[in-house]
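Single-structure report; data block below.
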Amino acid sequence: MDRHVESTVEIDAPPAVVWRELLDFGSYRDWNPLLRRVRGRPEEGARLRALLSQPGLPPVVILPEVITFDAERELRWRSDSPIPGVLSAEHTFLLTPLDGGDRTRFTQTESFEGVLAAAMPAGLVSQVEQGFGEMNDALKRRVESSVPVAEE
């Protein structure tokens, strides 16, 4: 059985502004409670190095490969366990324009596959959901605090 986690937030800023902040890996330590550090280039086929800090769990380094890079729309990466079939995780950041492109729906998903995916305790899945929600809220605060208010 596969496991799927999803968290969404609406941000009062255009996708280009949200995308720019999402790709500013160097600033993550200042605002991102989930991904404390990411190194590498976000381009298809590139290998990243990320420090993942899930609520209630010890920090762990992951080495995902970027499998989709669609500017201002989608960034997707995949991590595999050293032993094939044991556990794979595919993480997606999806940006959907709202209100004619003035706002953004930001969605994070994680799909777990493999033998260990079926054995994941519900509590662990809840911790992953919590981590996504915390990052989404932090991204929303960060982006919205940097967007100039339009004069009417």
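Structural remarks
- Residues that are loosely packed, with under 15 Cβ neighbours inside 10 Å, part of a strand (DSSP E or B) and among the acidic types (Asp, Glu) do not occur anywhere in the stretch 104-114.
- Looking across Asp30, Asp12, one residue alone is surrounded by fewer than 13 Cβ atoms within 10 Å (Cβ to Cβ) and among the charged types (D, E, K, R). It is Asp30.
- Flag for Arg39 being among the basic types (Lys, Arg) and without any contact (Cβ under 8 Å) to a residue 12 or more places away in the chain: no
- Close pairs from the stretch 10-31: first more than 12 Å from Leu98 (Cα to Cα), partner hydroxyl-bearing (Ser, Thr, Tyr) and not in a helix (DSSP H, G or I), Cβ under 6 Å, at least 6 apart: Val18/Thr104
- If you check Ala71, Ala89 for being closer than 25 Å to Val9 by Cα and surrounded by fewer than 17 Cβ atoms within 10 Å (Cβ to Cβ), only one passes: Ala71.
- Test: residue in the stretch 63-84 that is modelled with pLDDT under 95, hydroxyl-bearing (Ser, Thr, Tyr) and over 14 Å from the mean Cα position of the chain (by Cα): yes
- Screening Ala46 on (1) surrounded by 12 or more Cβ atoms within 10 Å (Cβ to Cβ); (2) more than 23 Å from Glu129 (Cβ to Cβ); (3) touching a Pro at 6+ places or on another chain (Cβ under 7 Å); (4) among the small types (Gly, Ala, Ser) shows it passes everything except condition (3).
- Taken over the stretch 32-88, the residue count meeting the criterion of being assigned to a loop (DSSP other than H, G, I, E, B), within 20 Å of Arg3 (Cα to Cα) and of a type in the set (Gly, Ala, Ser) is 4.
- Residue ID - surrounded by the fewest Cβ atoms within 10 Å (Cβ to Cβ), chosen from residues in the stretch 93-103 that are out of contact with any strand residue (DSSP E or B) (no Cβ under 9 Å at 6 or more places or on another chain) and of a type outside the set (D, E, K, R): Gly100
- Leu63 meets each of the listed conditions (1) exposed (fewer than 13 other Cβ atoms within 10 Å of the Cβ); (2) over 27 Å from Pro121 (Cβ atoms) apart from (2).
The values are calculated or read from the model by the stated rules, or taken from the named source; none is laboratory data. Because the structure is predicted, anything quoted here is derived from the model rather than measured. All Cβ positions, even for glycine, are placed from backbone atoms using ideal geometry, and neighbour counts span all protein chains on display.
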